[in-house]
Amino acid sequence: MPLKRMHFQFCLQTSYKAAIKVSAALKQGHITPTELCQKCLSIIKKTKFLNAYITVSEEVALKQAEESEKRYKKGHSLGDLDGIPIAVKDNFSTSGIETTCASNMLRGYVPPYNATVVQKLLDQGALLMGKTNLDEFAMGSGSTDGVFGPVKNPWSYSKQYREKRKQKSHCENEDSNWLITGGSSGGSAAAVSAFTCFAALGSDTGGSTRNPAAHCGLVGLKPSYGLVSRHGLIPLVNSMDVPGILTRCVDDAAIVLGVLAGHDPKDSTTIQDPVKPFVLPSLTDVSKLCIGIPKEYLTPELSSEVRSLWSKAANLFESEGAKVIEVSLPHTSYSIVCYHVLCTSEVASNMARFDGLEYGHRCDIDVSTEAMYAATRREGFNDVVRGRILSGNFFLLKENYENYFVKAQKVRRLIANDFVTVFNSGVDVLLTPTTLSEAVPYTEFIKEDNRTRSAQDDIFTQAANMAGLPAVSVPMALSNQGLPIGLQFIGRAFCDQELLTIAKWFEKQVQFPVIQLQELMDDCSSVFENEKLASVSLKQ
Amino acid sequence: MAAPMLRLCCPGRRWALACIDGCSRHRRGAPNGCTSSRRRGQSSVAQQPFITAQKPRKGEHEWAAVVGLEIHAQISSKSKLFSGSQVHFAAPPNSLVSFFDASLPGTLPVLNRRCVEAAVMTGLALNCRINKKSLFDRKHYFYADLPAGYQITQQRLPIAVNGSLVYSFCAGKNRSQVINKTARVKQIQLEQDSGKSLHDDLRSQTLIDLNRADYEIQRQINELENGGEILNETRSFDSKLGCTIPMRDKEGKQDYRFMPEPNLPPLLLYDTESLPAGADPQQVIDIDRIREQLPELPSVTREKLVQQYGMLPEHSFTLLNEVGLLEFFQNVMKETRAEPKKVTSWVLNTLLGFLKQQNLAVSESPVTPSALAELLNLLDRKAISSSAAKQVFEELWRNEGKTPAQIVSEKKLELMQDQEALEQLCHAVMEGHPQVVMDVKKGNPRAINKLIGLVRKATLSRADPTVIKEILEKKLAS
């Protein structure tokens, strides 16, 4: 029925913003998985310039859509994610699909197995649209340092941003000043933000999911360490990595978390207890909540806009009856340095396996094994990776180990204890900024090197990785430039559900606007006249 | 791998000289720095008094060699140490076993329960203290057989420490003197095998050639007596040169950059006292349970053999040191009335001799315990002579499917049972050799042997010489 189709195309951006809603539509037969898949594939093609995807798995996705369709016809859908397009960051192992980590070292590497989280999504019938772009081996905060080039923030092309720019400056080349997505899961963020899929997997080691979420106006969830399996996630820092979830709304993040969480016998760092999928309650009364505002997070580098929104958020909670108090995380200032030592040390270790022998890139030199290793690794890794390996090896040397690595471990314990103390004092959740400012133009971002940027941009996010705590970035409002700004909630260990419940309440309060990318969606422009009709007919 | 260290022994006083480096080449080194001292005669072990030694003159002191062994033992289990297998499925091992071993990116180690149990058992058998908490570390080096670029081991806190092994060896003129010694077991650690097999898989033996240690010990003595010092390094034995040579790493000293293995939480073991209530038995290991399941230890078995069978201690060693031999022996004992001493002799001398000659394992013996038992029974009731028995054994070894009884029958090896016939033969021989008879009667003790020999010949060796002797003596007396 043609009318319904047209409604669907437009509503991908409004009523179908959420997976939870499109799932209902799939069940009711308003749309089919194949249609949904084809639509997303078409958007991927249209948004190719964003460089969000490294690999688009078109055939795979269409085949999965076909299977999903069969299930829906029989009334046997697998669940809320059946037939839902998703994307996966290219540092997750996907069977039969190239997995590169945006590095020359793994170009052409096709894994023979799926990461556990990928398998879980596929088992639920999700459609794998493709593998998304990132900083090489997830090292970076801009998604600018991968071998396939940088990712562009869809908001660069949004009506909201462009209108503000037209007001301020004239005659500027529209595209040369495109904005970064943040990183390192920028490809996944751009993919979700531009409607190419409904949810995407990222990874989060120091903020790599939350940072791009904030810059792209998305919900970016970092689950508690140990809640979600890391088997198949090519590691950066084993003791801090978690799979991250990027969605357009909190309910969707909860659905995905419910599917992914739980013990995995293949990952010895996952908790033993099984986790049941959950539905988030709609919180109405926040008067029993205690929100903590860590004073050390009020840094001079914080932009005035973010600071003001942070303050506004705190007032919001207070005005609705919650207790909002200032708390202290005294070891915050040591966090970045400590993170740097531990991160580079683990990186040096984790990268040792890339020697060109078993898989991936191998150089042409075959004079000796050592020569081959050296050349392969020089050719295969970019400067950022090599820099971290060298640093890490330095810290792990016998004569340095005690003074650097062990010391950093001790400081890490202190940082984790800071959080324990705060949560033990009655605080339910911490409210902090996610980023220092809104997304910056690429040309500005690259003025500083990767290490400097990472140190700056991770400042609010990496403590949660050090402590293994769950944290979520929720988009709050647009900046004066029309760009998204998100705030972060940090919760108690394994209280991810509670964390998301509070995030959902906040999301409802702030009503963050939908990105307007109409100019990209050519064939939808004619439908705008039918706007009212569309929203009425697709209400559940 | 043997690492000799030399201690200078002064009667009445012990003091350290040169670099008595207690660190094995795999250890990080004591925090106070266990480095090789460059200045002559300085002790570099912090715990010992700082003594400046005089240069030892040749032959002035006795040297005591202290040899350390690092033994790599492969655990017999269906899957490897860190490639997890689904214990509750009877299906073939998890296909991800090989992905981890190939170090595919994203794979994680999963501790194999059976391996932990084996390590605990070994620790208990060697009188170690089992650490209820032990840790895993990464040891980094680049090598073709180490795909991950590191090996997972237990460097900081291994699973078992401070054990001992009492061992005996046979010394003395006839190797009949059994001497007991105790070797200290410093630690037992679980470690990922880098792929090299150090085992003679056929006989599951670890062969260590300590003869080569002698060369090294002598080298160290010479070095110290000439005022040099011993460096902490790895050396290999060059059989052509007949000495050890350094294996110099191109970059100098090898630094393994040990780091805790972040993917494996601390290994916690429990005993019945500390076992948490309601714990899933699949997820916990109870040391006491494992202790109960320990098989009888060799020293106990050997003692039992000595007590039960009156066996010589050195024989009990041989029986236990050959895989499958004890079982063979016990199976023979079950089916035979022959004396234990006889069985022991046949097993240790005849059977083992034949096996060694053809380089066979006990499990490959063409002669089964039942066959040997039957043979010994025949011997025991004097159906055949011992020389006949040897012949039968040789036939059995040819493994043509015949039983001892069949062989005896075919080759007509039975001892004459007919007393009367034998007496007649004796009589005939005596009649035929009156001179010899005369000699016997004259009192020549060896003459009777000649008669016995003649009778034996007449019987085609099918008469028991003892019986022949009895009959002859009776006849001669009359």
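The values are calculated or read from the model by the stated rules, or taken from the named source; none is laboratory data. The model shown is predicted, which means the values in this text are computed figures rather than measured ones. Backbone-built Cβ (ideal geometry, glycine too); neighbour counts: all protein chains shown. For accessibility, only protein heavy atoms count, side chains too; no ligands or nucleic acids. Shrake-Rupley method; radii C 1.70, N 1.55, O 1.52, S 1.80 Å.
Among the residues of segment B:318-366, what is the count of those that are buried (at least 20 other Cβ atoms within 10 Å of the Cβ) and among the β-branched types (Val, Ile, Thr)?
So the answer is 5.
Among (1) crowded, with 20+ Cβ neighbours inside 10 Å; (2) farther than 18 Å from A:Met466 by Cβ; (3) within 13 Å of another protein chain (Cβ to nearest Cβ), there is one condition A:Leu342 misses while meeting the rest; what is its number?
If we test A:Leu342 against (1) crowded, with 20+ Cβ neighbours inside 10 Å; (2) farther than 18 Å from A:Met466 by Cβ; (3) within 13 Å of another protein chain (Cβ to nearest Cβ), just (2) comes out false.
Spot the failing condition for A:Tyr161; the list is (1) open to solvent by 10 Å² or more (accessible area, probe 1.4 Å); (2) at pLDDT below 95, and only one is missed.
It is condition (1) that A:Tyr161 fails.
Among the residues of segment A:355-373, write down those that are more than 8 Å from chain B (Cβ to nearest Cβ) and under 32 Å from the mean Cα position of the chain (by Cα).
A:Gly356, A:Gly360, A:His361, A:Arg362
As an exercise: evaluate A:Gln462 against (1) open to solvent by less than 10 Å² (accessible area, probe 1.4 Å); (2) touching a strand residue (DSSP E or B) at 6+ places or on another chain (Cβ under 7 Å) and give the number of the one condition it does not meet.
Failed condition: (2).
When segment B:446-478 is examined, which residues are found to be polar (S, T, N, Q) and assigned to a helix (DSSP H, G or I)?
B:Asn449, B:Thr466
Restricting to segment A:339-358, name every residue that is of a type in the set (Val, Ile, Thr) and on the phi > 0 side of the Ramachandran plot.
Across segment A:339-358, there are no qualifying residues.
Considering segment A:58-107 alone, what residues qualify as being open to solvent by 50 Å² or more (accessible area, probe 1.4 Å), in contact with an Asp or Glu (Cβ under 7 Å, 6 or more places away or on another chain) and part of a loop (DSSP other than H, G, I, E, B)?
Once the filter is applied, which keeps residues that are open to solvent by 50 Å² or more (accessible area, probe 1.4 Å), in contact with an Asp or Glu (Cβ under 7 Å, 6 or more places away or on another chain) and part of a loop (DSSP other than H, G, I, E, B), segment A:58-107 yields nothing.
Looking at segment B:337-361, I want the residues that are in contact (Cβ under 8 Å) with a residue 60 or more places away in the chain and have a partner that is open to solvent by 50 Å² or more (accessible area, probe 1.4 Å) and not acidic (Asp, Glu) with Cβ atoms under 8 Å, at least 6 apart or on another chain. Which pairs are those?
Pairs found: B:Ala361/B:Leu202; B:Ala361/B:Val323.
Can you find a residue in segment B:113-125 that is assigned to a strand (DSSP E or B) and open to solvent by 10 Å² or more (accessible area, probe 1.4 Å)?
no
Just to be sure before I move on: is A:Gly182 of a type in the set (Gly, Ala, Ser), out of contact with any strand residue (DSSP E or B) (no Cβ under 7 Å at 6 or more places or on another chain), within 29 Å of A:Ser345 (Cα to Cα) and at pLDDT 95 or above in the structure I sent?
yes
Restricting attention to segment A:209-224, does a residue exist that is within 8 Å of the chain's Cα centre (by Cα), surrounded by 24 or more Cβ atoms within 10 Å (Cβ to Cβ) and either within 16 Å of A:Asp90 (Cβ to Cβ) or within 14 Å of chain B (Cβ to nearest Cβ) (or both)?
Yes, there is a match, as at least one residue in segment A:209-224 is within 8 Å of the chain's Cα centre (by Cα), surrounded by 24 or more Cβ atoms within 10 Å (Cβ to Cβ) and either within 16 Å of A:Asp90 (Cβ to Cβ) or within 14 Å of chain B (Cβ to nearest Cβ) (or both).
Check whether at least one residue in segment B:170-191 is away from every other protein chain (no Cβ under 13 Å) and open to solvent by less than 10 Å² (accessible area, probe 1.4 Å), and report yes or no.
yes
Here is a check on your reading of the model: is A:Asn382 polar (S, T, N, Q), buried (at least 18 other Cβ atoms within 10 Å of the Cβ) and either at positive phi or within 14 Å of chain B (Cβ to nearest Cβ) (or both)?
Here the answer is no, as A:Asn382 does not meet what is asked.
Evaluate the following for B:Leu319: is it in contact with a Lys or Arg (Cβ under 9 Å, 6 or more places away or on another chain) and within 14 Å of another protein chain (Cβ to nearest Cβ)?
no
Taking into account only those residues within segment A:108-118 that are more than 8 Å from every other protein chain (Cβ to nearest Cβ) and either buried (at least 24 other Cβ atoms within 10 Å of the Cβ) or without any contact (Cβ under 8 Å) to a residue 60 or more places away in the chain (or both), which is nearest to A:Phe148 (Cα to Cα)?
Looking at the filtered set, the residue picked out is A:Val110.
Condition first: open to solvent by less than 10 Å² (accessible area, probe 1.4 Å), within 14 Å of chain B (Cβ to nearest Cβ) and polar (S, T, N, Q). Now tell me which residues in segment A:232-264 satisfy that.
Within segment A:232-264, A:Asn238 is the sole residue that qualifies.
State yes or no: is A:Val192 buried (at least 24 other Cβ atoms within 10 Å of the Cβ), β-branched (Val, Ile, Thr) and away from every other protein chain (no Cβ under 14 Å)?
For A:Val192, the condition - buried (at least 24 other Cβ atoms within 10 Å of the Cβ), β-branched (Val, Ile, Thr) and away from every other protein chain (no Cβ under 14 Å) - is met.
Enumerate the helices (runs of 4 or more DSSP H) found wholly within segment A:323-430, keeping only those where 2 or more residues are in contact (Cβ under 8 Å) with a residue 24 or more places away in the chain.
Passing ranges, in order: A:335-350, A:369-380, A:383-396, A:407-424.
Quick one: count up the residues across segment A:417-437 that are open to solvent by 10 Å² or more (accessible area, probe 1.4 Å) and of a type in the set (Phe, Trp, Tyr).
Number satisfying all stated conditions: 1.
Could you identify the single residue in B:Lys390, B:Lys304, B:Lys356 that is under 17 Å from the mean Cα position of the chain (by Cα) and basic (Lys, Arg)?
So the residue among B:Lys390, B:Lys304, B:Lys356 that is under 17 Å from the mean Cα position of the chain (by Cα) and basic (Lys, Arg) is B:Lys356.
If you go through segment A:36-52 one residue at a time, do you hit one that is surrounded by fewer than 20 Cβ atoms within 10 Å (Cβ to Cβ), among the aromatic types (Phe, Trp, Tyr) and at pLDDT 90 or above?
Yes - at least one qualifying residue is present in segment A:36-52.
Just give me the residues in segment A:482-513 being part of a loop (DSSP other than H, G, I, E, B), farther than 13 Å from A:Arg248 by Cα and touching a strand residue (DSSP E or B) at 6+ places or on another chain (Cβ under 9 Å), in sequence order.
Across segment A:482-513, the qualifying residues are A:Leu483, A:Arg492, A:Cys495.
Quick one: count up the residues across segment A:84-106 that are more than 13 Å from chain B (Cβ to nearest Cβ) and in contact (Cβ under 8 Å) with a residue 60 or more places away in the chain.
Residues meeting the conditions: 5.
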